[in-house]
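Following: one structure in structure tokens, then a few remarks.
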Amino acid sequence: VGDLASHVGGEVVGNAALPISGVSGLSEAKSSELSFFANPRYRKQLKSTQAGAVLVPSQLTELGPGPVWIRVSNPHLAFAKICALFYPRPQRKPGVDARASVHEAARVHPTASVLAGACIEAGAQVGARTLVYPGAYIGERSIVGDDCILYPNCTIREDCQVGSRVILHSGCVIGADGFGFAFDASVPEHFKVPQVGTVRIEDDVEVGACTCVDRAATGETVIGRGSKIDNLVQIAHNVRVGPLSIVCAQAGVSGSSELGSGVVLAGQVGVVGHIKVGDMARVGAQSGVAQDVPAGATISGTPAIDHRQWLRVAAVQPELGKILRELRELRSRVQALMDKREA
Amino acid sequence: VGDLASHVGGEVVGNAALPISGVSGLSEAKSSELSFFANPRYRKQLKSTQAGAVLVPSQLTELGPGPVWIRVSNPHLAFAKICALFYPRPQRKPGVDARASVHEAARVHPTASVLAGACIEAGAQVGARTLVYPGAYIGERSIVGDDCILYPNCTIREDCQVGSRVILHSGCVIGADGFGFAFDASVPEHFKVPQVGTVRIEDDVEVGACTCVDRAATGETVIGRGSKIDNLVQIAHNVRVGPLSIVCAQAGVSGSSELGSGVVLAGQVGVVGHIKVGDMARVGAQSGVAQDVPAGATISGTPAIDHRQWLRVAAVQPELGKILRELRELRSRVQALMDKREA
Amino acid sequence: VGDLASHVGGEVVGNAALPISGVSGLSEAKSSELSFFANPRYRKQLKSTQAGAVLVPSQLTELGPGPVWIRVSNPHLAFAKICALFYPRPQRKPGVDARASVHEAARVHPTASVLAGACIEAGAQVGARTLVYPGAYIGERSIVGDDCILYPNCTIREDCQVGSRVILHSGCVIGADGFGFAFDASVPEHFKVPQVGTVRIEDDVEVGACTCVDRAATGETVIGRGSKIDNLVQIAHNVRVGPLSIVCAQAGVSGSSELGSGVVLAGQVGVVGHIKVGDMARVGAQSGVAQDVPAGATISGTPAIDHRQWLRVAAVQPELGKILRELRELRSRVQALMDKREA
């Protein structure tokens, strides 16, 4: 416990000599494991936990008996850092498996691991210690940096750039053609606008399973440094996602829109094309964003409005039937008053 | 007809000796085929069908001339059972194709079929008669039960458990990392919380194409026995889906939420994190569920409310502009009345 | 410039002899590149562009100095046609790579290219000049026409038909089982209704990354000629999408519904099952369509209503709290008037 606490700058309350063999959630942790408490929802689980040690917020005062407590400013972050000690990133033997298809004109760093069934095309590059799983595909001339993980069945199309320490989850697709057509009434047909741009994914980005980041029509689609994108997200052509942004599952950003720095889109949000979402803006789940969003705003709803206003609207909305009835009733009363007056 | 009818416990009205060679929908069925009638929408198609035999609900009395009728309590279920006779599940020659990549430390049952281009990692297990298609991936130490079908390009990451008679459709991803980060302002960065838990998929589950079931942060994400999940669904880390639940396409369930037994989420529903949806609850399409749902409830809307109340709201909502106008008009009348009174 | 202008029937204003080496967006274009101006939002970029030549709408009169102008009736379409000159569709050496898995009973046209790691099953057919990337899968007896592109890790299940000039993007799944179950209370279980139909994709269709087109329960799911489907879209069993329709990212169409000709579904739209959306109808982003839509209609909202009415509703909705307050205030005033009257 003592070593772990000092790794995260925490203060131990209890037996610092207790040995810890793993990490777990409050409910499942055993007496040899470390857990954490951050969300007040889990106060009950905190009371009954069997964990040997628990990371708690510094300001928590009533620490009962039971586990050894480790006080830290951010228990979730401290837990993450301790987890990373117990579970290092996956590693495989360096080198290219004989059953991988690596083009002779591809450059794979000797410390990279390319597993059976992976495919790396001509002109592609793979950096140091990068791990390429079976079924992962790296297209012609695409460049993948150091210490990346390309999970099974992810796809990087041609001419894309992926930075270092990037994680691409299974089934994600980087660099598919943007959705661009020009209607030609003379045929008639939707004539395909060749998508001749590319995708640039900066360092420390994570892209979720089955998430699609389309290549630009011309120029680049960009996912900025340290941004994290969840599963099943759509990032259309020419979108720019600023550094350190968070895009939750099933959200979609339409063509040429820009998310600033530190933006958060909750799940199933939709953002129309050609707009800007300012730095640090937060958008509530399922919202539809149809115009520019100022920096720092918190918005919700379709079309999205200020979040507090939306909460009021959401509270009144279920009463709409009643409101209509009251209005009709009031009208008859007023009519009655007017009738009497005239009488 | 007679044999099929007795297979589903049906009563034949007409020539039980008619030979049936296949199954089809009411509109397309030929005179040698069997069809079914369950949804009253298709009454017109019932009248004009060319089918040789039609499964109908027992209570249907006006059976005209034409096909042989088979009366059953549940025509859709009876049709499904007869379909299964004509179209048994896909089968391939048992054994491991030479072009599959199966680690020597994996255990594949001799009756399982592993096709070219499938990949099974060290410590993984594949049960009896399970069929693993090209491009399917089974990670280290993951266990797949008997009689499963893993369709092309589906992915099971390491340390997951899949029961028996499970169907995983193409492009689905079981066990990708949950979306967990702790913000470290000192860098700044979103520090990845290692997702050290796993996924357990119980018997008789079906997971749709491009659906993602994330591995738990710690502990398990669970899809309960007999649950059916459609395409493009997001099941986040530590979610528990009860037995016999139905999750329709493009729905998403956020982290640590629980769906009870027999729950139905319609298409594009979103469920926030850390809540419980009670047994047998039903949630209407595109709804946003933001708090616990009692067992047996039927809810709709964002935020979701009682379904019947939502129907009233939905009926009034288009009149909002008119309501506002009426309100303003009423206000002027009242003002006029008050003015006159004072005068 | 002159040659390009005549290729698209445009009128040159300026030096028709200027050589053009590529295409680009207004902001990034260099003096040797051609760009286009179609969306008035980009007027500023038009003024400052460094492009050598710019396609502009014929009616645009104030053409300042700077680039050579090419006047055309549809600059976006003209740009697309010129792009296609500079960037022809991807091509590879004809033939089957030794590391592809092609069944001996499959028929691959000698001019087709089947790359390493692709898989083509027994009875499947691949047409002339079709390009099959690594990880693409064509199931038993499925037929793919001429000049198609099957990008990495896309899946076509058995018995499907794909026309000519079709593009299937990475991760898309054609012909997964439709989502059909019949509840059998006696077990209890959701009994799988075998999905014994198929998918037919007509000529000139494009299917986006991670999009799912399910096979029919019986009969066919159809994507009509020239329709374009974006990423992460769900097309359920027995759906029919008319010719020249556009379905944007993350939209979903439920079972047995029909989209007419030239229909447009914007992003994240949901369409319930068993309804018809008429020819040329347009549905706004995130809308929920719960009943038949007349031809030519433009609708929005959940449930979807006429788009202009929806705009009014959307404008009033944020004021719901205020409306309720006004109503309550008015009621007290009326009550006061009535009280005085009685007094």
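Couple of notes before you dig in:
- When +1 charges are put on Lys and Arg Cβ atoms and -1 charges on Asp and Glu Cβ atoms, the dipole computed for chain A relative to its Cα centre reaches about 1180 debye.
- q = 0.11, 0.13, 0.18 Å⁻¹, segment A:200-343: log10 I(q)/I(0) [Debye, one scatterer per Cα]: -0.47, -0.58, -0.92
- For segment C:149-271, the calculated P(r) over all alpha carbon pairs, in 10 Å bins from 0 to the bin holding the longest distance, is 16, 48, 27, 7, 2 percent.
- From phi via Karplus (6.51, -1.76, 1.60), per-residue ³J(HN,Hα) for segment C:157-164 in Hz, x at Gly/Pro: 6, 5, 6, 9, 10, 10, x, 9
- Rounded to whole numbers, the Karplus 3J(HN,Hα) couplings from phi for segment B:261-272 are 8, x, 6, 10, 9, 6, x, 6, 5, x, 10, 5 Hz, using 6.51 cos²θ - 1.76 cosθ + 1.60 with θ = phi - 60°, and x at Gly and Pro.
- Euclidean distance between Cα centres, segment B:229-258 to segment B:115-147, Å: 24 Å
- Position A:Pro65: other-copy label points at 9.0, 9.0 nm, ordered by increasing distance, label point 7 Å along Cα→C-beta.
- Ranking C:Leu259, C:Ile229, C:Val271 by Cα position along the charge dipole of segment C:206-277, where only Lys, Arg, Asp and Glu carry charges on their C-beta atoms, puts C:Leu259 farthest toward the positive end.
- Cα lying deepest toward the dipole's positive end in the protein assembly as shown, options A:Val144, B:Ala297, C:Pro67, charges on Cβ: B:Ala297
- Scanning residues 5 or more positions from C:Leu131 or on other chains, those with amide H under 5 Å from its amide H are C:Ser113, C:Cys148, C:Ile149, C:Leu150, with H placed 1.01 Å from N in the peptide plane.
- For segment B:52-93, the relative contact order is 37 percent, taking Cα pairs closer than 8 Å that sit 6 or more residues apart in sequence and dividing their mean separation by the residue count.
- Charge tally in the Cβ shell below 12 Å around C:Arg215, where Lys, Arg are +1 and Asp, Glu are -1, C:Arg215 excluded: -3
- Both radii come from the Cα set of chain A: Rg as radius of gyration, Rh as Kirkwood radius; their ratio Rg/Rh reads 1.13.
- The helix-based estimate of mean residue ellipticity at 222 nm for the protein assembly as shown, built from -39,500 (n - 2.57) per DSSP H run of four or more residues and divided by its residue count, is -5000 deg cm²/dmol to the nearest 500.
- With all pairs of separate Cα atoms included, the protein assembly as shown yields a Kirkwood hydrodynamic radius of 30.5 Å.
- With the label put 7 angstrom out from Cα along the Cα-to-Cβ vector, A:Pro40 ends up 5.1, 5.1 nm from the copy partners, going from closest to farthest.
- Whichever aspartates and glutamates have a C-alpha closer than 19 Å to that of C:Lys93, once near sequence neighbours (fewer than 8 apart) are set aside: A:Glu104, A:Glu121, A:Glu140, A:Glu158, C:Asp146, C:Asp147
- Extreme residue, positive dipole direction of segment A:1-121, given options A:Leu4, A:Pro40, A:Ile20 (C-beta unit charges): A:Pro40
- Taking GluC sites (Glu not before Pro) in DSSP loop states with no more than 11 other Cβ atoms inside 10 Å as exposed sites, chain A has its longest site-free stretch at A:105-343.
- Across segment A:185-195, coupling constants 3J(HN,Hα) worked out from phi with the 6.51/-1.76/1.60 Karplus curve, θ = phi - 60°, read 5, 6, 8, x, 7, 8, 6, 5, 7, x, 9 Hz, and Gly and Pro carry x.
- Evaluated over the Cα positions of segment B:18-77, the convex hull gives a direction-averaged projected area, one quarter of its surface, of 3.7 nm².
- Each copy carries a label point for C:Lys93 at 7 Å from Cα along the beta-carbon vector; from one copy to the others these points are 3.0, 3.0 nm apart, nearest first.
- For segment B:113-221: rounded, prolate or oblate by the Cα gyration tensor [a/c cutoff 1.5]: prolate
- Cα-Cα pairs of segment C:1-150 separated by more than 20 Å (percent): 56 percent
- Structure note, pairs A:Lys276/B:Lys228; B:Lys30/C:Lys192; C:Lys30/C:Lys81; A:Lys228/C:Lys228; A:Lys322/C:Lys340: Cα-Cα distances above 31 angstrom occur for A:Lys276/B:Lys228.
Bear in mind these aren't lab numbers, they're just calculated from the coordinates by the rules spelled out. Please read all numbers here as calculations on a predicted model, not as lab measurements. We place every Cβ from the backbone using ideal geometry, glycine too, and count neighbours over all the protein chains shown.
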